[in-house]
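Asks: My questions will all concern the structure given below.
Just so it is clear, none of the values below were taken in a lab; they were calculated from the coordinates. Here the structure is a predicted model, which means the values were calculated and not measured. Neighbour counts are summed over all protein chains in view; Cβ atoms, including those assigned to glycine, are modelled from backbone coordinates with ideal geometry.
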Amino acid sequence: MTLYKAYISVKSQQVYAYPDESQWEFEVTATRNEIKVFERLFYQMKNVQSRNFLRAHEPMSVKPYHVDGENDQYDRRLKKVYAWIHEFTSEDSKRFIEQLPYFQRRMEVQL
């Protein structure tokens, strides 16, 4: 199984193959299939953002953020992106992600 470096920009929702392509926040080392997961999550996030943008222009469809399912979909995917980065990044980046308020470590089940 060959591992590749990829450069992830959560801000611009992009995956880069080379560090000088654009600005990025995290470097990950993963297989091609694992890197494709980032691309799918970013694609899904962009779709949710587009739907939210269009919906925000319909006066009768505006809801408070805390009861809006579309916003929840975006938030869930963002959490998945950070969890996925945490899985494949450096120890320094892992420590940074662990300090984010919405990052939760998976609980280990002890029998």
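Asks: At most 12 other Cβ atoms within 10 Å and a DSSP loop assignment: could you name the GluC sites (Glu not before Pro) in region 1-51 that fit? The partial results should precede the final answer.
Replies: Values: sites: GLU21, GLU25, GLU27, GLU34, GLU39; in loops: GLU21, GLU25.
Qualifying residues, ordered by number: GLU21.
Asks: To continue, here is another question. Would you list which lysines come within 29 Å of LYS5, measuring only between C-alpha atoms, while excluding same-chain residues fewer than 8 positions from it?
Replies: Partners within reach: LYS36, LYS46, LYS79, LYS80, LYS94.
Asks: Could you pull out every residue, at least 5 positions away or on a different chain, whose amide H is within less than 5 Å of the one on GLN14? Hs are placed 1.01 Å off N in the peptide plane, and Pro or chain starts have none.
Replies: Those lying under 5 Å, H to H, from GLN14 are SER9.
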